[in-house]
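Reading through the structure tokens given below for one structure.
Only the coordinates and a few stated rules stand behind these numbers; no lab work does. Worth saying up front: this structure is predicted, and the values here are computed from it rather than measured. No Cβ is skipped: glycine too gets one built from the backbone with ideal geometry, and neighbour counts run over all protein chains shown.
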Amino acid sequence: MNPIDKTAMGEDSVRNEVAAMCKDATKGENSTGKGATTGEDAAKGEGVAKGKGATTGEDAALVEETVAGEDSVRNEVAAMCKDATKGETVSAASNESLSKSKIKISMRQKILNALIDSGSDLSFIHPSIVKQCSLSVNPSSTNVFMASTACSSSITGSVNVHFKLNSRAYDQQLYVLDDLCTDIILGNDFLSQHNSLILEYGGSEPDLRVCGLSSMNLTPPILFPNLTSDCKPVADKSRRYSDNDRKFISNEIQRMLEDDIIERSNSPWRAQIVVTRETESHKKRMCVDYSRTINKFTQLDAYPLPRIDDIANKIAQYNVFSTIDLKSAYHQVPLSDSDKPYTAFEAVGGLYQFKRMPFGLTNGVAIFQREMYKVIEENELSATFPYLDNVYICGNDQAEHDHNLEQWDESVKREI
């Protein structure tokens, strides 16, 4: 720990410095219950017998000297240290709680533990496994945000691996991440290759099925009603991709074929794919660039979006509300056969077209908002306000809210 500047440090600085020390004192091996600092140890300044970042007696003496005469701060610090270290250490990812989600996989003649994690966008591997299996690492450096966005960890690279699970072979990109609770974490980039995931817990309640909407049973909207007079097919020039992006595109194409989102095409139109990353999660996204093809000839659909402040004012009139976030919203809107060829794009050496509305079209936002209003109006839903893929369902009390939510659920089932 760097020495504390006693002349420049005020009460807030002292408080922040010691708070960091308390945090250091409790990290390290506490996930297994070893080396935990007790409230008595913190009070005595004896530090931690085991674990990293332990507060030493010398550090405690330095802090005591620094804050001498500031009784209120010292008392607050003592309480902070006590709170930081009291009680038993409880892990949110204990072996017992994760046992139902752990599976065995075979990789390079080694049997490894893999954790199924539907809350993770990506799949990860522990650095020790990379070393044991002599895997070649593709260098990269980026942050991964945890369930609490205040916490993040750094990826040190990625590996492309071949493994077997339940006698089936897989090729998968795994990101190297320190301090994993298991050998490998299989996230949604792996799980989304499958139609469903079954985890058996042996509970007494009936099966719980969690799924998003697949496709609304709507009359396909007219996607391109106002094309310019000079509209003609454009086959955009093929693009080059890195090995990692090419593998990612291949997986996405396979997933969308299985989900009946796209189909093979004989269209004279050909757009190209762009692989992007989300700003915060760094999750890869496959987008089709229609700027050089059909979007060049599409006139704007001026259907308005609702003002966010108007929606907020409407919601504020109620005491209870829920927010529903529709999964892959645009992909729930079917396309007419005549519109499909306009959406054609090149991928992994083939030509494909969308069967449901793709992202990236000039009028996608206006069309989707119009369709959402149609669903609500045709089903006469009360206190239900759509804003693109977010739907706000309200009520003056819990009973009214629950009734409106039930009406929404029933109308959606009729639409699917």
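Some points to look at:
- Phi to ³J(HN,Hα) by Karplus 6.51 cos²θ - 1.76 cosθ + 1.60 over segment 190-195, Hz, x for Gly, Pro: 8, 5, 5, 6, 10, 5
- Approximate spin-label separation Asp121-Gln109, in nm, with each point projected 7 Å along Cα-to-Cβ: 3.8
- Pairs of Cα atoms farther than 14 Å apart, segment 239-291, %: 62
- Converting phi to 3J(HN,Hα) with the Karplus coefficients 6.51, -1.76 and 1.60 and the offset θ = phi - 60°, segment 357-369 yields 4, x, 7, x, 7, 3, 9, x, 4, 5, 5, 5, 5 Hz in sequence order, with x at every glycine or proline.
- Segment 325-395: mean projected area of Cα convex hull, nm²: 5.7
- Checked against a 26 Å cut-off, the cross-linked pairs Lys232/Lys283; Lys296/Lys327; Lys131/Lys247 give Cα-Cα distances beyond that limit for Lys232/Lys283; Lys296/Lys327.
- Within-13-Å neighbourhood charge of Lys110 [Cβ basis; K, R +1; D, E -1]: +3
- Inter-probe distance in nm under a simple model that places probes 7 Å from Cα toward Cβ, at Ser134 and Ser338: 6.3
- Theoretical gain in end-to-end length, Ser322 to Ser382 [0.36 nm per residue, Cα-Cα removed]: 20.3 nm
- Extension gain for Lys232-Lys296 works out to 22.0 nm (0.36 nm per residue, less the C-alpha to C-alpha distance).
- Segment Leu351..Ser153, full-extension length gain: 67.4 nm, with 0.36 nm per residue of separation and the alpha-carbon distance subtracted.
- Net charge dipole size for segment 312-360 [Lys, Arg +1 and Asp, Glu -1 on Cβ; Debye, nearest 20]: 160
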